[in-house]
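Asker: Quick one: structure below, then a few questions.
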Amino acid sequence: MTHHTVEDVFAKLQKIFPDIKESEEKIKNYPTWSVSSGSLFKICETLKKESGFEYLDMVTAVDRHGKVNSAGYLTEPNPCVYSQNPSVVPSQSPAPGAGFFEIIIILTSFSMNQKLILVSRVDRTNPEAESLYPLFKSADWQEREVFDLFGIKFTGHPNLKKILTPDFIKGHPLRKDYVHKKDKFDY
Amino acid sequence: MPIEEKTFEKPLELDQMFVNMGPQHPSTHGVLRIALHMEGEVITKAEPDVGYLHRGIEKLFENRTYTQGLVLTDRLDYLSSMHNNLAYCIAVEKLMGIEVPARAQYIRALVSELNRIASHLIFFGTYGVDIGAFTPFLHAFREREMIMDLFEMLCGARLLYTYMRIGGVAKNLPEDWTAKCREFTGFFPKRLKEYDALLSFNPIFMDRTANIGIISKEEALDWGLSGPVLRATGVNYDVRKFEPYSFYDKLEFEIPLGQTGSTWDRYYCRMREMAQSAGIIDQCLEALSKQDMPPDIIAKGVPKILKPLKGQAYGHIEASRGDLGFYAVSEGEFSPYRMHIKAPTFINTAILQKILVGAKIADVVAILGSFDIVLGEMDR
């Protein structure tokens, strides 16, 4: 069964998954729905099988830890290093455990000529989400990238290992609280 | 990642072999490594290994202003910098709600089509070299040189242009530029016929490429392919038609589609795209030469220092290699809170681990070459 507008799809999904709602902050010019991380996989499955959203565009994440004070970057000799600079007032940087991760998923339906964005919150202390690999193979490398750069574990992914950063890099560089440990390439 | 012992689940049998292709290999078009497990000359397992050119560009965005970030985009897909500039500008313009004037829109479409031709010409030349034909390379670079000259007149650079600006373009077209560009579009379609005679329908070349690396429609959608790699399978998805930007809805052109999704189809899709691009360039020049076009090339009221309000935007375009997107998150600061690049080659290359299985080792270079990868964009 196909739907004609994205609103129909939303109304139908809301009956099955009551926790789905329109996101407060729209990602500009696309319908943006916020879903719970528990039902993300099921919602994608329903969208794929019943509404023709058969193409996964993008999987990425945002670290909503809060803006890190950029003074910490700029005064260091290596601009990529975020370190505990004494001149940075600690109250300007977010508290260690603050915030959450957002997983951003863009789906496309060719029959409806429509793109759709799903936003899902993941806990920041032990980040885990269900892998979309069984539904879309294109999640394979993109989820590995998110795992590498943010440290979000995707359960059910068959080959979840680092992809972009080298083996000796410890930690997840796109996290806001990432502290670069000096290695042989720093001087 | 370096080779690890643990990548072998079980020890190799006597008739099995491990071949390490790359990262320093002339036919991987950069620092891509493919770990191949073979039985005789048939591949049983292929593991593409990327990340050798990872420069952390997404992280760099977070410590630079929006204007400084524009320069980083050139370094992604360095063979089609105009597209990277454009996708980034579209994302930031969406974020800030900037309307780009008509002249700048046409110039953007014009230069991105010129860049598409230049990029596909490199593909045509290097793909010939991959297969063993050296002459097409010289032909391709002769024509590419004309485009490089045009770009040099326009912005002074030959590879990394930074020609777009948030809200428009950097400079108007120089005086004698239009005449020189028309000279190119008059000259180029004839050359395309020459390429077809030289390489496309050459029986040796067709035998070598027409029956390998076949991707079905379903597979292509499942793996999220985009660009000529997707269209060669027959799926009609082109961002220029799907979600028109830069006045592509006012321009007439067709989307060349392949039939079988083979290596040759991917090659020939690009060749036919070049003819369409030449047509678009003519239409843009025609539109730009009209007297009633306002002379503005940059939107009025764009501040010198950009500070978008809190918000998020996703802008995407059809680049030479596929659907290139920028996802920007602003927290109301001078630099983006997060900037994600949806790189088409990164997503396209993942399917190699599937389609290389069962292929012969001699075909690896032919299949890989047909994806037209640029490692700068893949590793970011």
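The values are calculated or read from the model by the stated rules, or taken from the named source; none is laboratory data. These numbers come from a predicted model, not from an experiment. Glycine also receives a Cβ, built like all others from the backbone with ideal geometry; neighbour counts cover every protein chain displayed.
Asker: Any residue in the stretch B:357-370 that is assigned to a loop (DSSP other than H, G, I, E, B), surrounded by 22 or more Cβ atoms within 10 Å (Cβ to Cβ) and in contact with a Gly (Cβ under 8 Å, 6 or more places away or on another chain)?
Answerer: no
Asker: Among the residues of the stretch A:108-124, are any within 20 Å of residue A:159 (Cα to Cα), among the hydroxyl-bearing types (Ser, Thr, Tyr) and within 11 Å of another protein chain (Cβ to nearest Cβ)?
Answerer: For the stretch A:108-124, residues within 20 Å of residue A:159 (Cα to Cα), among the hydroxyl-bearing types (Ser, Thr, Tyr) and within 11 Å of another protein chain (Cβ to nearest Cβ): absent.
Asker: Out of (1) touching a Phe, Trp or Tyr at 6+ places or on another chain (Cβ under 9 Å); (2) within 13 Å of chain A (Cβ to nearest Cβ); (3) surrounded by 19 or more Cβ atoms within 10 Å (Cβ to Cβ), the odd one out for residue B:280 is which?
Answerer: It fails just one condition, (2).
Asker: Look at the stretch A:152-171 and say how many of its residues are assigned to a loop (DSSP other than H, G, I, E, B), modelled with pLDDT of 85 or more and within 22 Å of residue A:66 (Cα to Cα).
Answerer: 1
Asker: Another question about this same structure. Quick check on my filter: what residues within the stretch B:192-209 are touching a helix residue (DSSP H, G or I) at 6+ places or on another chain (Cβ under 8 Å) and surrounded by fewer than 17 Cβ atoms within 10 Å (Cβ to Cβ)?
Answerer: Of everything in the stretch B:192-209, those that are touching a helix residue (DSSP H, G or I) at 6+ places or on another chain (Cβ under 8 Å) and surrounded by fewer than 17 Cβ atoms within 10 Å (Cβ to Cβ) turn out to be B:194, B:196, B:206.
Asker: Condition first: in contact with a strand residue (DSSP E or B) (Cβ under 6 Å, 6 or more places away or on another chain) and surrounded by 15 or more Cβ atoms within 10 Å (Cβ to Cβ). Now tell me which residues in the stretch A:1-25 satisfy that.
Answerer: Scanning the stretch A:1-25 gives A:6, A:20, A:23.
Asker: Quick one: count up the residues across the stretch A:125-137 that are part of a strand (DSSP E or B) and either at the interface with another protein chain (Cβ under 10 Å from one of its Cβ atoms) or touching a helix residue (DSSP H, G or I) at 6+ places or on another chain (Cβ under 9 Å) (or both).
Answerer: Residues in the stretch A:125-137 being part of a strand (DSSP E or B) and either at the interface with another protein chain (Cβ under 10 Å from one of its Cβ atoms) or touching a helix residue (DSSP H, G or I) at 6+ places or on another chain (Cβ under 9 Å) (or both): 2 in total.
Asker: Within the set of pairs 6+ apart or on separate chains, which have a first residue in the stretch B:224-235 that is touching a residue at least 12 places away in the same chain (Cβ under 8 Å), a second that is among the aromatic types (Phe, Trp, Tyr) and in a loop (DSSP other than H, G, I, E, B), and C-beta atoms under 8 Å apart?
Answerer: Close Cβ pairs (under 8 Å, with a partner that is among the aromatic types (Phe, Trp, Tyr) and in a loop (DSSP other than H, G, I, E, B)) amount to B:224/A:136; B:226/B:237; B:229/B:371; B:230/B:237; B:231/B:237; B:235/A:110.
Asker: Oh, and also: Take the residues in the stretch B:51-70 that are at the interface with chain A (Cβ under 9 Å from one of its Cβ atoms) and within 18 Å of residue B:89 (Cβ to Cβ); name whichever of them is farthest from the chain's Cα centre (by Cα).
Answerer: Filtering the stretch B:51-70 for residues that are at the interface with chain A (Cβ under 9 Å from one of its Cβ atoms) and within 18 Å of residue B:89 (Cβ to Cβ), the one farthest from the chain's Cα centre (by Cα) comes out as B:60.
Asker: Since residue A:64 meets every condition but one in (1) modelled with pLDDT under 85; (2) within 12 Å of chain B (Cβ to nearest Cβ); (3) farther than 24 Å from residue B:224 by Cα; (4) out of contact with any helix residue (DSSP H, G or I) (no Cβ under 7 Å at 6 or more places or on another chain), which condition does it not meet?
Answerer: Of everything listed in (1) modelled with pLDDT under 85; (2) within 12 Å of chain B (Cβ to nearest Cβ); (3) farther than 24 Å from residue B:224 by Cα; (4) out of contact with any helix residue (DSSP H, G or I) (no Cβ under 7 Å at 6 or more places or on another chain), residue A:64 misses just condition (1).
Asker: Step by step: first the residues of the stretch B:25-50, then only those that are within 12 Å of chain A (Cβ to nearest Cβ) and in contact with a Ser or Thr (Cβ under 8 Å, 6 or more places away or on another chain), then the one that is surrounded by the most Cβ atoms within 10 Å (Cβ to Cβ). Which residue is that?
Answerer: B:50
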